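Comments concern the structure below.
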Amino acid sequence: MQSPAQNSTRQASSFNPDRIGISTNILDDPGNLQESLLKLSEHFKTIEIEFDNEARRYLTMPEASLADECERLMQLKKDRGLNFSVHAPYIGRDTDISNLDDAKRERAVSLMLTSMEVTARLGAERFTCHPGYLTKDPSNNDELYSQLKKSLIPMVKSARAMNIAICLENTGNDRPNYIVLSDKQHNELCGQFGIALTMDIIHFTSFRGIDADYYKRLKPILTCVANVHVADMEVPKHVHLPLGIGTFQFDEAIHYMAEAGYSGNFIVEERGAHYTEQNYIDAAARYRKRLMTSVSEATPA
């Protein structure tokens, strides 16, 4: 399937390669953010910080320790000219902002609000979170959607006060524990609450692959998108691979989104199969370098 955008040289000339970024979640040990950022910033200007697994410790630090850590990270950001975004915790039921039990849901919201406070302290403007978990009873989907809306009310209020954009991530196929919202529901939430969408293009592609309507289906939802997660894949298998390893035409998808008006970041994130953190870093760095070369060659002397 070819995208409507055919001239990659012309596209590259209007595309900023620094928008190709990477997430701390591809690292074996993301728990020390200063070390993580030092490593990733050798190749990337745009970095998404994920506060999960070992990195969750930043959300429970004493104030004095957190202030010191944030000061060091902000100095590194300034010294290396970095751009941060943040991914909220999503592993475990304590992150479930759609939980049918209001007490559990409110605790999950509290965790999101704490994550947003740290996001603001790091000068990040985009905050990605997942919509929550399914219950065992599929008839509860409407109730879960209603619970999600309840959670967004205090989250949006705080986000506006902090000048943060909440970006609800679309979830993928073959992940039976996670809520899957329709494009219509994503658009409804964006309109009702003024939030945005993190488009995980692997999740999007995992449902129907790259069929004749692929870009026709993608285009309408791009109006809500403020962040993109990207990887390679063996279409339509839901496994995030290093760029250039699989069969997904990720370069066409990236350039199509850029040509369609999307102006945010493209974050390489999540590991799969047997590939190492260095495989993901090297592949993304090569792609970014290729884009930089294309931009340089297309720019008049």
Worksheet entry | Residue-averaged [θ]222 nm for the chain, counting only DSSP H segments that reach four residues, each worth -39500 (n - 2.57) | -14000 deg cm²/dmol
Worksheet entry | Solvent-accessible heavy-atom area per residue, rounded to whole Å², over the range 104-144 at 1.4 Å | 47
Worksheet entry | the range 110-133 residues near the modelled Asp79 label - backbone nitrogen below 11 Å, point 7 Å along Cα→Cβ | none
Fill in: Point-to-point label distance, Val156-Asn53, nm (Cα→Cβ direction, 7 Å offset)
3.3
Worksheet, complete the sentence: Probe 1.4 Å, heavy atoms of protein chains only: per residue, the accessible area of the range 168-290 in Å² is 40
Worksheet, complete the sentence: Label model pair Met61, Asn187: point-to-point distance (7 angstrom along the Cα→beta-carbon line) in nm is 4.2
Item to complete: Rounding to the nearest 20 debye, state how big the charge dipole of the chain is about its Cα centre with +1 on each Lys and Arg Cβ and -1 on each Asp and Glu Cβ.
Response: 620
Item to complete: Quick one: what are the phi-derived ³J(HN,Hα) couplings along the range 169-175, Karplus 6.51/-1.76/1.60 with θ = phi - 60°, whole Hz, x for glycine and proline?
Response: 8, 6, 9, x, 6, 6, 10
Worksheet, complete the sentence: Given Cβ charges of +1 for Lys and Arg and -1 for Asp and Glu, the option among Gly194, Ala283, His43 whose Cα lies farthest towards the positive end of the dipole of the chain is Gly194
Response to the item:
Under a 1.4 Å probe, counting only protein heavy atoms, Ser146 has an accessible area in Å², nearest 10, of 60
Worksheet item: How much of the accessible area of the range 33-97, in percent, comes from carbon and sulfur atoms when a 1.4 Å probe is used?
Response: 48
Practice prompt. Give the residues of the range 152-181 whose amide nitrogen is closer than 16 Å to a point set 7 Å from the Cα of Asp213 in the direction of its Cβ.
Written response: none
Item to complete: In a Gaussian network model over the chain where Cα atoms closer than 10 Å are linked, find which of Val268, Val225, Val156 has the largest mean-square fluctuation.
Response: Val156
Worksheet, complete the sentence: To the nearest 20 debye, the range 107-170 has a Cα-centred charge dipole, built from +1 on Lys and Arg Cβ and -1 on Asp and Glu Cβ, of 220
Discussion item. Per residue, how large is the accessible surface of the range 16-57? Use a 1.4 angstrom probe and give square angstrom.
Written reply: 35
Worksheet entry | Candidates Leu66, Leu37, Leu291: whichever shows maximal mean-square fluctuation once the chain is modelled as a Gaussian network with Cα springs under 10 Å | Leu66
Practice prompt. Would you kindly enumerate the cysteines in the chain that have no other Cys beta-carbon under 4.7 Å from their beta-carbon?
Written response: Cys70, Cys129, Cys167
Worksheet entry | Of Pro30, Leu100, Asn16, farthest towards positive along the dipole that unit charges on Lys, Arg, Asp, Glu beta carbons give the chain | Asn16
Worksheet entry | Exposure ranking of Lys216, Lys237 by accessible area [1.4 Å probe, largest first] | Lys216, Lys237
Item to complete: On the full set of protein chains, 1.4 Å probe, figure out the accessible area of Met74 and give it in Å² to the nearest 10.
Response: 70
Worksheet item: Ordering Tyr145, Tyr214 by how much accessible area each has at a 1.4 Å probe, largest first, what is the list?
Response: Tyr145, Tyr214
Worksheet item: Efficiency by 1/(1 + (r/R0)^6): what FRET value for Asp29 and Arg72, r their Cβ-Cβ distance, R0 = 22 Å, to the nearest 0.05?
Response: 0.80
Worksheet entry | Highest to lowest packing among 120-127, 217-224, scored as the average C-beta count within 10 Å | 120-127, 217-224
Practice prompt. Note down the accessible area of Arg105, probe 1.4 Å, to the nearest 10 Å².
Written response: 20
Worksheet item: Taking 0.36 nm per residue of separation and subtracting the Cα-Cα distance, what length does fully extending Leu222 through Gln278 add?
Response: 17.1 nm
Worksheet entry | Residue of Leu38, Leu111, Leu144 that the Gaussian network model of the chain assigns the largest fluctuation, springs spanning Cα pairs under 10 Å | Leu38
Practice prompt. With the full set of protein chains in place, find how many percent of the accessible area of the range 207-296 is carbon and sulfur; take the probe as 1.4 Å.
Written response: 52
Worksheet entry | Those lysines that a straight Cα-Cα span of less than 26 Å connects to Lys78, excepting residues fewer than 8 apart in one chain | Lys39, Lys45, Lys289
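The values are calculated or read from the model by the stated rules, or taken from the named source; none is laboratory data. The shown structure was predicted, so the numbers you read here are calculated from the model rather than taken from an experiment. Methodologically, a virtual Cβ is constructed for each residue, glycine included, from the backbone with ideal geometry; neighbour enumeration extends over all protein chains shown. Side chains included, ligands, DNA and RNA excluded: accessible areas come from the protein's heavy atoms. Shrake-Rupley method; radii C 1.70, N 1.55, O 1.52, S 1.80 Å.
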